[in-house]
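Notes follow once the structure below has been shown.
The values are calculated or read from the model by the stated rules, or taken from the named source; none is laboratory data. For clarity, every value in this text was computed on a predicted model and none was experimentally measured. Glycine gets a Cβ as well: all are built from the backbone with ideal geometry, and neighbour counts include every protein chain shown.
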Amino acid sequence: MDYSESLVVGVILVVLVVGGFLTHVSVKAARRTEALTMWALGAGIALITVGTVITDLYILGRTEPIGCLELGVSCLTALGFVALAYSVYQD
């Protein structure tokens, strides 16, 4: 496993953990407020998380080398989730 594959595996873990956290917070807020928009937010974040993980697993499974663009997109998605989690979790 070279460094690019290790980086993609790390990104998958970050996306799963942070995306799961954001989905949990959104669903918790939806139950508390009974707001349909919060349910939609939770569903949207869950779908983005699952889609990103599936895409990254596909990238890992290919026989071709992982390109810089694929690494960049994966890292930017993970950083976006971290920024969202930071903004949601602030008091």
Can you tell me which of Ala78, Ala46 is surrounded by 18 or more Cβ atoms within 10 Å (Cβ to Cβ), within 9 Å of the chain's Cα centre (by Cα) and in a helix (DSSP H, G or I)?
Ala78
Within region 56-69, track down each residue that is without any contact (Cβ under 8 Å) to a residue 12 or more places away in the chain and either in a helix (DSSP H, G or I) or surrounded by 14 or more Cβ atoms within 10 Å (Cβ to Cβ) (or both).
Tyr58, Gly61, Cys68, Leu69
Just checking, does region 5-21 include any residue being small (Gly, Ala, Ser), part of a helix (DSSP H, G or I), in contact (Cβ under 8 Å) with a residue 24 or more places away in the chain and crowded, with 17+ Cβ neighbours inside 10 Å?
yes
Checked against (1) outside any helix (DSSP H, G or I); (2) modelled with pLDDT of 90 or more, Asp91 satisfies every condition except (2)
